[in-house]
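To keep things clear, I will list the structure first and then write my remarks on it.
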Amino acid sequence: MNPPAGTSLAASLSGRAVTPIAFIRAIVLGYLRYGANPASALARAGIDPGLLEQPEARITAAQMEIISGHAMQELDDEALGWFSRRLPWGSYGMLCRASLGAPKLGVALKRWCRHHRLLTDDITLSLDVTKTAATLTLTPHRPLGEMREFCLVTLLRYVLGYACWAIDSRIPLNESRFPFPAPCHADAYPLMFPGPVRFDAELAGFSFDARYLDLPLRRDEAALRTMLQRALPLTVLQYRRDRLLVEGVRRFLRDPASGSATAGRVAEHLHVSVRTLHRQLHEEGSSLQQIKDEARRDRAVELLNRSQRSIKQIAALVGFANEKSFSRAFRSWTGVPPQIFRARKIDEGEPPI
């Protein structure tokens, strides 16, 4: 795979080196399985073969994409030797295409899991859904040997990458699980799987908010063709936008237990940085203060309508230091002071309970 026109190889490989060299060793094992020489693939990606003997070594995401694309085509196996049979070049593109016509993400992921069985029966993918969480699980049916970690990580990144690409959104993970001890490069996992990571689990998989399953797909055939021009866009592309971020902030702030939540607490709950939180809210035309005010307003209206608490008590419950500042804010939200708002409801025959 060549770098873009007008770009030197050195420039295309620049960037933060965070991809573990263990994954490159797994690709080399794939070459050895087929009796092929990995030298040209390593050279094309600018990877010194000496790094293979350094467990702590890292390469850039661009280098990983280049060597993976070269190896997949040279070996004609997109699984790079993981499975008992080859997955010819274009196999995962076929999975993307087969799922593209789904009306929403949940249907697309179920198709992906079902159609993956047509490629190999060495592993199965399954999607389990509850009212609040969706869980993608990978179950192996044969030993994967030394390629186990790379295989499980890459397959899960394929599914997560496709889901994010299909709805054009980040999907924060509630948890990612891996059935092996934490490797020496465990610090790279949160970069690949945003959210808590657990090792020594029974099976590999990840879970996320089930509401993402109801989002419609935002890609068409033209977008798919563009995406498939690269080898691993599903594993290296990071999405800035989270189409459910605003709602996630609202849900957290609606919880009375959240109190006067700081930006730090909200960001920690959503597994993003404070800077990312503010940036993404701005991109969605909102702000943390605006959503806080909406949550306070809704909570205050509920208490005024459905309780006999005093205005002073309600002010404290929704996070105001005193009744005067609460009344001033409530007037700006609704156009009337809280006392008048409550009196109108009583006049309309809706006494507090």
task: Could you work out how far helix 288-306 tilts from the main Cα principal axis of the chain, as a 0 to 90 degree angle to the nearest 10?
output: 50 degrees
Of V336, W165, Y34, farthest towards positive along the dipole that unit charges on Lys, Arg, Asp, Glu beta carbons give the chain: V336
query: How far apart, in nm, are two points set 7 Å out from the Cα along the Cα-to-Cβ line at S84 and at I340?
result: 7.7 nm
message: I'd like the orientation of helix 245-254 relative to the chain: the angle between its Cα long axis and the longest Cα principal axis, in ° from 0 to 90, rounded to 10.
response: 40 degrees
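Determine one quarter of the surface area of the Cα convex hull of region 102-214, which equals its mean projected area, and express it in nm² to one decimal.
For the Cα atoms of region 102-214, the hull's average projected area reads 6.9 nm².
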message: Under 16 Å between alpha carbons, and skipping anything fewer than 8 positions from K324 in its own chain: which lysines qualify?
response: K312
query: Among M192, L303, Q229, which residue has its Cα positioned farthest towards the positive end of the charge dipole of the chain, with +1 placed on the Cβ of Lys and Arg, -1 on the Cβ of Asp and Glu, and the dipole taken about the Cα centre?
result: L303
- line: Most exposed first, judged by fewest Cβ atoms within 10 angstrom, R306, R111 run R306, R111
task: Among M192, M94, M72, determine the one that fluctuates most according to a GNM of the chain built with springs between C-alpha atoms less than 10 Å apart.
output: M94
- request: Working from the alpha-carbon coordinates of region 245-347, get Rg over Rh, Rh being the Kirkwood radius.
  value: 1.02
task: For R225 and D168, compute 0.36 nm times the residue count separating them, minus their Cα-Cα distance, and round to one decimal in nm.
output: 19.0 nm
message: Given a 10 angstrom Cα cut-off, can you work out which residue in D187, D209, D255 is the most mobile in a GNM of the chain?
response: D255
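Considering the convex hull of the alpha carbon atoms of the chain, report its projected area averaged over all viewing directions, in nm², one decimal.
21.8 nm²
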statement: In whole percent, the Cα-Cα distances of region 266-320 spread across 5 Å bins from 0 upward as 4, 18, 21, 17, 12, 13, 10, 5, 0
statement: Along the dipole axis of the chain (charges at Cβ: +1 for Lys and Arg, -1 for Asp and Glu; origin at the Cα centre), the most positive-end residue among L95, N322, L245 is N322
- request: Kindly identify region 94-148 as rounded, prolate or oblate by the Cα gyration tensor criterion: order the square roots of the eigenvalues as a ≥ b ≥ c, call it rounded if a/c is under 1.5, otherwise compare a/b with b/c, prolate if a/b is larger, else oblate.
  value: oblate
query: If you average over every viewing direction, what projected area does the convex hull of the Cα atoms of region 19-79 give, in nm²?
result: 3.6 nm²
query: So who's got an amide H within less than 5 Å of the one on W89, skipping anything under 5 residues away but keeping other chains? H placed 1.01 Å off N, in plane.
result: D77, E78
statement: Here region 127-141 yields Karplus 3J(HN,Hα) values (6.51, -1.76, 1.60; θ = phi - 60°; whole Hz; Gly and Pro given as x) of 10, 10, 10, 10, 5, 10, 9, 10, 10, 9, 10, 10, 10, x, 10
- request: List every residue whose amide H lies under 5 Å from the amide H of A204, counting only residues 5 or more places away in sequence or on a different chain, with H placed 1.01 Å from N in the peptide plane.
  value: L138
task: Could you pull out every residue, at least 5 positions away or on a different chain, whose amide H is within less than 5 Å of the one on A57? Hs are placed 1.01 Å off N in the peptide plane, and Pro or chain starts have none.
output: I21
message: For the chain, take the longest principal axis of its alpha carbons; what is the angle in degrees between that and the long axis of helix 21-33, to the nearest 10 within 0 to 90?
response: 40 degrees
field: GNM flexibility winner over the chain from P172, P181, P194 (Cα, springs under 10 Å)
entry: P181
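A short reminder: the numbers here are calculations on the coordinates, not readings from a lab. Source: prediction; values computed, not measured. Cβ coordinates were reconstructed from backbone atoms using ideal geometry, including for glycine residues, and neighbour counts include every protein chain displayed.
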